[in-house]
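Derivation of every value follows stated rules applied to the coordinates shown; laboratory data play no part. Because the structure is predicted, anything quoted here is derived from the model rather than measured. All Cβ positions, glycine included, derive from the backbone under ideal geometry; neighbour counts span all protein chains shown.
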Amino acid sequence: MELIGQGIVQALRLLLSGDAEVWRIAGLSLAISATATLISLAVGIPLGTLLALARFPGRGFAISLVNTGMGLPPVVVGLFVTIVLWRSGALGFLELLYTPTAMVLAQFVIAAPVVIGLTLAAVQQIPGQFRLQLLALGASRPQMVWSLLKEARLPMLAAVMAGFGAVISEVGASLMVGGNIKGSTRVLTTATVLETSKGNFDVAIALSLILLALMFLVNWALTWIQQGRRA
Amino acid sequence: MGRALKGRPRLKLWVVLLVMLSAPWLSVLWPAPPAAAQSNTVILSTTTSTQDSGLLDLLVPMFEKKTGMTVKTISVGTGQALALAARGEADVARVHAPSVERKYGEEGKMRNRRLVMYNDFVVIGPEDDPAKIKGTPRVADALKRIADTQSRFVSRGDKSGTHVLELGLWKQAGIEPKGAWYIESGQGMGQTLGIANDRRAYTITDRGTWLAFQKRISLPILIEKDKPLLNIYSVMEVNPANGPRVNVAGGKAFADFMVAPETQAVIKVFGLDKYGQPLFVPIAGKADTDFQ
């Protein structure tokens, strides 16, 4: 318990003293995970909506795939993304391994199924009559989809939170594809692993607390939007 | 249509949030290395112990300043460091498992092995020393005693340089370690020390990590200074035939840098201020036979 107290003191000291390295690590964590989440939203919302509304052969299979993907083990994603990005791999010519971009890619793979799955659920929970009503009122198909998405925006914010939460707290894939390089791909989770293995438990606790604070701030902002600024 | 009216400010908030979230990313992406700078990047695969000691944090910036190259340090166990290099996924390796290094050298995967420095391994264990190994001159005999008495021993079990050395010692002792007393952690040196401390077990560690963990563990050194416990670090360059895009010049430049006199001078005093004793002894230019 004494150690956690030390960690809190250390966290405050690191933040208040403007320790450039810690701020940089925290900024990088936020930047990488936010970008991965945004790309997942850009891809996941249309795909999730499509899966919810369209009827095609193999739809059930596709939904099962997405649902499985929602629990993709990050280390498995990390391993495969690493192999693809290796110099000898399919995308090796891009020389992306051990860069923040590689981490965005891996985190996108982790977050996208979460966003697709939760969008699918959000759109599907809207009663079918609503859709028929819109069409009966003369809405065009894009207008109908837009209205549905607007109707589903509250549960979809949960998709944003879940996707972001999954990737910013993830360590296995980030460690593998990023390499935990100081000043470039060292993020809060990988730095925590490193400091723990170095025996600097107080710094590790400090980094963990900063991660928790960051997650709270982002989720608080999202909740504020979701709950109509009453929260 | 009250819903639609309420929707407007929310949309604005969305935009604000998106900008907020993407702003830090821009600052990261902006100075991103252009494609041309990539060939200026050296990938160094190395052991965890040298990164944990902080030596590379000192040497890598020195090298980058001197050459204008960027080093990507990938800290993994010696086994993985050499395996990556043998696939052409790294440009230079800095490792500490002479027997494995020689194998890669003979296969032609790695070349120009040069010694850089050494420190030493020590056997540590609980104060009451249940296997009564303290004072045993030969480390192999000490391990035999541990096995015979079935005293708990924590192994790295991760093909790291430390693990390779440990396996060599068991072989010397004529023992194949297995059983409930033999615990394989599968983790780095620091974590392994923690487990050994917790389980009141014996283990083998490099002296540097043991010194760094003085505050956290209470396992004294029981065996030290036996010849087989020497921990020799070397650099090896990657054969460009191993894969596409190996940065041969960059790898050689880093290897040259590690054995250069000014680098060796830095290694000689590293750790003196923090631990009261240097952590490594520089040995550039020497051969394995000097230590047998």
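Going by C-beta contacts inside 10 Å, put A:Met156, A:Met70, A:Met103 in order with the fewest on the left.
The most exposed by this proxy come first: A:Met70, A:Met156, A:Met103.
For region B:109-173, just the Cα atoms, rotate onto the principal axes and tell me the three extents in Å, largest first.
Extents along the principal axes, in whole Å: 45, 21, 19.
Evaluate 2.2 N^0.38 Å with N set to the residue count of region B:244-292, then give the Cα radius of gyration divided by it.
Against the compact-globule rule of thumb, the ratio is 1.47.
Given axes a ≥ b ≥ c from the Cα gyration tensor, I'd like to know whether region A:1-133 is rounded (a/c under 1.5), prolate (a/b larger than b/c) or oblate.
Here region A:1-133 falls in the oblate category.
Once you mark the trypsin sites (Lys or Arg not before Pro) that are in a DSSP loop and have at most 12 other Cβ atoms within 10 Å, what is the longest gap between them in chain B?
Result for the longest clean stretch: B:1-177.
If you fit an axis through the alpha-carbon atoms of helix B:2-29 and take the longest principal axis of the Cα set of chain B, what angle between them do you get, 0 to 90°, nearest 10?
In chain B, helix B:2-29 runs at an angle near 50 degrees to the longest axis.
Is it possible to state the helix-based mean residue ellipticity at 222 nm for chain A, with each DSSP H run of 4+ residues giving -39500 (n - 2.57), the sum divided by total residues, to the nearest 500 deg cm²/dmol? What is it? Intermediate results must be reported in sequence, preceding the final value.
Details: 11 runs with 176 residues, N = 231.
-25500 deg cm²/dmol, from helical runs alone.
Are there DSSP H segments in chain A that both extend 27 Å or more along their axis (alpha-carbon positions) and score a mean Kyte-Doolittle hydropathy of at least -1.0? List them, or say none. Walk me through the numbers before you get to the answer.
Values: long enough: A:20-53 (48 Å, 1.56); A:100-124 (35 Å, 1.80); A:201-226 (37 Å, 1.90).
Those that pass (Cα extent of 27 Å or more, hydropathy at least -1.0) are A:20-53, A:100-124, A:201-226.
With N set to the residue count of the protein assembly as shown, report its C-alpha Rg divided by 2.2 N^0.38 Å to two decimal places.
Numbers: Rg = 27.0 Å, N = 523, 2.2 N^0.38 = 23.7 Å.
Normalised Rg, Cα atoms only: 1.14.
For the residues A:Val9, B:Val164, what sequence is obtained by ranking on other C-beta atoms within 10 Å, fewest first?
A:Val9, B:Val164
For region B:120-229, what is the convex hull volume of its Cα atoms per residue in Å³?
Residue-normalised Cα hull volume stands at 86 Å³.
Which residue fluctuates the most in chain A, going by a Gaussian network model with Cα springs under 10 Å, if the choices are A:Ile110, A:Ile168, A:Ile181?
Comparing A:Ile110, A:Ile168, A:Ile181 in the GNM, the peak value goes to A:Ile181.
Quickly estimate the mean residue ellipticity at 222 nm for chain B, helices only: each DSSP H run with n ≥ 4 gives -39500 (n - 2.57), and the total goes over all residues, rounded to 500.
Theoretical 222 nm ellipticity from helices: -13500 deg cm²/dmol.
Taking Cα pairs under 8 Å and at least six residues apart, what relative contact order does region B:120-229 come out at, in percent?
47 percent
Going by how many other Cβ atoms sit within 10 Å of their own, how do B:Ile232, B:Ile43 line up, fewest first?
Ordered by Cβ neighbours within 10 Å, fewest first: B:Ile232, B:Ile43.
Given the convex hull over the Cα atoms of region A:2-226, what projected area results after averaging over all orientations, in nm²?
15.0 nm²
On a straight-distance basis, which aspartates and glutamates could pair with B:Lys225 in a cross-link, Cα separation under 18 angstrom, same-chain partners fewer than 8 positions away excluded?
B:Asp120, B:Asp141, B:Glu166, B:Asp206, B:Asp288, B:Asp290
Taking DSSP loops as anything outside H, G, I, E and B, show the longest stretch in chain B free of GluC sites (Glu not before Pro) there with at most 11 other beta carbons within 10 Å.
B:128-292
If the convex hull of the alpha-carbon atoms of chain B is projected onto planes in all directions, what is the mean projected area in square nanometres?
Reported value for the Cα convex hull: 22.1 nm².
In a shell of Cβ-Cβ distance under 15 Å around A:Val177, excluding A:Val177 itself, what net charge do Lys and Arg (+1) and Asp and Glu (-1) give? Before the final figure, lay out each step's value.
Values: positive: A:Arg87, A:Arg186, B:Lys72; negative: A:Glu95, A:Glu170, B:Glu89.
For residues surrounding A:Val177, the net value is 0.
Within region A:1-77, report the trypsin sites (Lys or Arg not before Pro) that DSSP leaves as loop and that have at most 10 other Cβ atoms within 10 Å.
Hits after loop and neighbour filter: A:Arg55.
Treating only the Cβ of Lys, Arg, Asp and Glu as charged (+1, +1, -1, -1), what charge dipole size does region B:127-240 show about its Cα centre? Round to the nearest 20 debye.
Dipole magnitude for region B:127-240 comes out near 180 debye.
Over chain B, calculate the relative contact order: mean separation of alpha carbon pairs under 8 Å at least 6 apart, over the residue count, as a percent.
This gives 26 percent for chain B.
Between A:Ala62, A:Val115, A:Val84, whose Cα lies farthest towards the positive end of the dipole of region A:2-226 when Lys and Arg beta carbons carry +1 and Asp and Glu beta carbons carry -1, centred on the Cα centre?
A:Ala62
Percent relative contact order of chain A, based on C-alpha pairs within less than 8 angstrom and at least six residues apart? Please list the in-between numbers first.
Values: 284 pairs, mean separation 73.2, N = 231.
It rounds to 32 percent for chain A.
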